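Read the structure below first, then the notes.
The values are calculated or read from the model by the stated rules, or taken from the named source; none is laboratory data. Small disclaimer: the values here were computed from a predicted structure and weren't measured. So basically every Cβ, Gly included, is an ideal-geometry build from the backbone, and we count neighbours across all protein chains shown. Note: accessible area is taken over every heavy atom of the protein model, side chains too, but ligands, DNA and RNA are not part of it. Shrake-Rupley method; radii C 1.70, N 1.55, O 1.52, S 1.80 Å.
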Amino acid sequence: MPQYEIYGWGANTYGQLGTGTVRDEPLPVPVLRGSDCADPDAVSPVMPPRQVVGGANHTLLIDARGDLYVAGSNEDGQLGLALDHPALVPVAALPGGKPVPAALQWIRVPGVANAVTASAGWAHSLVVLEDGALLGFGDTTHGQLAGVPAKGADARWSSPTRLNEQLLGGAPVVAAAAGMRHTAVITQSGAVVAWGADKHGQCGGPKLAACVGPTLLHDSVRHGSPATSIAAGAYHTTWTAPAPEPVFTVGHNKFGQLGVPPAATAAIKDRVLEPIVVRVPASRLVSGWHHVMALSPVSGSATTVVWGRNTHGQLGGADASAGPAYLTCPGTVGQLECGSEHAVALIEDSNNGAAVMAWGWNEHGNCGVLQRPHLEPWAAAAADAASRDQLPAVESLHLPDVIAPSPVHLPATIEGRWCHPVAVGTGYAHSFAVLRIDDD
């Protein structure tokens, strides 16, 4: 029977990699084996996980049976745990800084079962259950959970709370996307509804506002077909509706993240309240802070269309200065996930099997690429955490960005058994790969 292991890399300031430390890891290290769980009452995660996704400083993992595990900062309750949970430890990002409660190892969130998918914003979390329930927890200062702004203790929801009745009239949800400080969902009927921060029009409110309640962006009757995929960036929202037009976008367009050149929206200060149609084929969307990637049904090497900001190479070498452009990868993109300004892809190659590639912003080692000579000491110390403790801080290396899709430094074998990547995940500045370990 195959076994599974999760590797992680990148930013780890609050333990969001679940390694038990707060050391950034510029190259992949094992972060979860079946029994690695800080909560003594928890059952070990069942592999392979359904999803691993992160926000700014926290991570959500849904295991094979639909239980939810978390790691990282719980400053605003974004782990779905009480702020004084006994397994949390105080962590200060800077010497003399304010300590915040954090989980350095994986903890199961009690009361959450049958989870299907999750999404994480800067400090809020969304989980969709099999019955269509939408759970929210974490920061709701900008109404990203409550639909109205909140302050102080009222802005920190540390217990997973069902949002359907309060915000959606009880409608079941099939998909959810957490922007930096806003929320967007697809309901069972195929409608798109958004709420939270709307200063840049990312929720499509009638006027630009610091916060807006539930706002209908798309319905199948008015637009001709139900929405099928959704993603949210820092200040924009995008979704697919296959016919008659495949992709819609709304919100901020300073960097072309709505799929049209910024010059087209300069007259309205790049803030678009009515959805723009992007005429590209797309079956699934993913988004960073200011860029979007659309997985296309086109077969061959050019399977992904990209647009938006490219200051860190997050478009993978594609030139989208005039609008959406094709990303070229060696093989077919089977899965693609975006961090804030980097991307990680599972590449399927009929000749060589699957591989993991990454590109974009790499300050914390977000891409996990073996950059020589900077990271040779880390590669040598990969199997020895004590040796890695003696290495300088990753930030001091000033790692260059990764401009084109490049192989992630994952092991080919573990204890003499072959490893095959089967899934990937990202947080804002950290990344994950799920490996299947076979005997042959």
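When segment 356-400 is filtered for residues that are within 13 Å of V29 (Cβ to Cβ), open to solvent by 40 Å² or more (accessible area, probe 1.4 Å) and not hydrophobic (A, V, I, L, M, F, W, C), the ones remaining, listed by number, are D384, S387, D389.
All conditions in (1) touching a residue at least 60 places away in the same chain (Cβ under 8 Å); (2) buried (at least 16 other Cβ atoms within 10 Å of the Cβ); (3) more than 24 Å from the chain's Cα centre (by Cα) hold for G353, with the sole exception of (2).
Which of the following residues is modelled with pLDDT of 95 or more, more than 23 Å from L285 (Cα to Cα) and crowded, with 20+ Cβ neighbours inside 10 Å: L145, L135, L126, L163?
Working: L145 fails: more than 23 Å from L285 (Cα to Cα); L135 fails: more than 23 Å from L285 (Cα to Cα); L126 fails: more than 23 Å from L285 (Cα to Cα).
Within the list L145, L135, L126, L163, the selection yields L163.
Would segment 314-333 turn up any residue that is within 18 Å of the chain's Cα centre (by Cα), in contact (Cβ under 8 Å) with a residue 12 or more places away in the chain and open to solvent by 30 Å² or more (accessible area, probe 1.4 Å)? Break it down stepwise before answering.
So in segment 314-333, the residues within 18 Å of the chain's Cα centre (by Cα) come out as 314-316, 333.
This time we only want the ones that are in contact (Cβ under 8 Å) with a residue 12 or more places away in the chain, so: 314-316, 333.
If we keep only those that are open to solvent by 30 Å² or more (accessible area, probe 1.4 Å) too, we end up with none.
No, segment 314-333 has no match at all.
Residues of segment 179-197 being under 21 Å from Q78 (Cβ atoms) and surrounded by 24 or more Cβ atoms within 10 Å (Cβ to Cβ), which ones? Give the steps one after another, and end with the answer.
Filtering segment 179-197 down to residues under 21 Å from Q78 (Cβ atoms) leaves 179-185, 194-197.
Result: G179, R181, H182, T183, A184, V185, A194, W195, G196, A197.
Considering only segment 112-121, state which residues are surrounded by fewer than 24 Cβ atoms within 10 Å (Cβ to Cβ) and either out of contact with any strand residue (DSSP E or B) (no Cβ under 7 Å at 6 or more places or on another chain) or part of a strand (DSSP E or B) (or both).
Filtering segment 112-121 for residues surrounded by fewer than 24 Cβ atoms within 10 Å (Cβ to Cβ) gives 112-114, 116-117.
Listed by number, the residues that qualify are A113, V116, T117.
Contact map, segment 199-228: first residue more than 15 Å from Q188 (Cβ to Cβ), second residue at pLDDT 90 or above and in a helix (DSSP H, G or I), Cβ cut-off under 7 Å, separation 6 or more or different chains; pairs are P214/L167; P214/L168. In segment 401-416, the residue that is surrounded by the fewest Cβ atoms within 10 Å (Cβ to Cβ) out of those that are without any contact (Cβ under 8 Å) to a residue 60 or more places away in the chain and in a strand (DSSP E or B) is T413.
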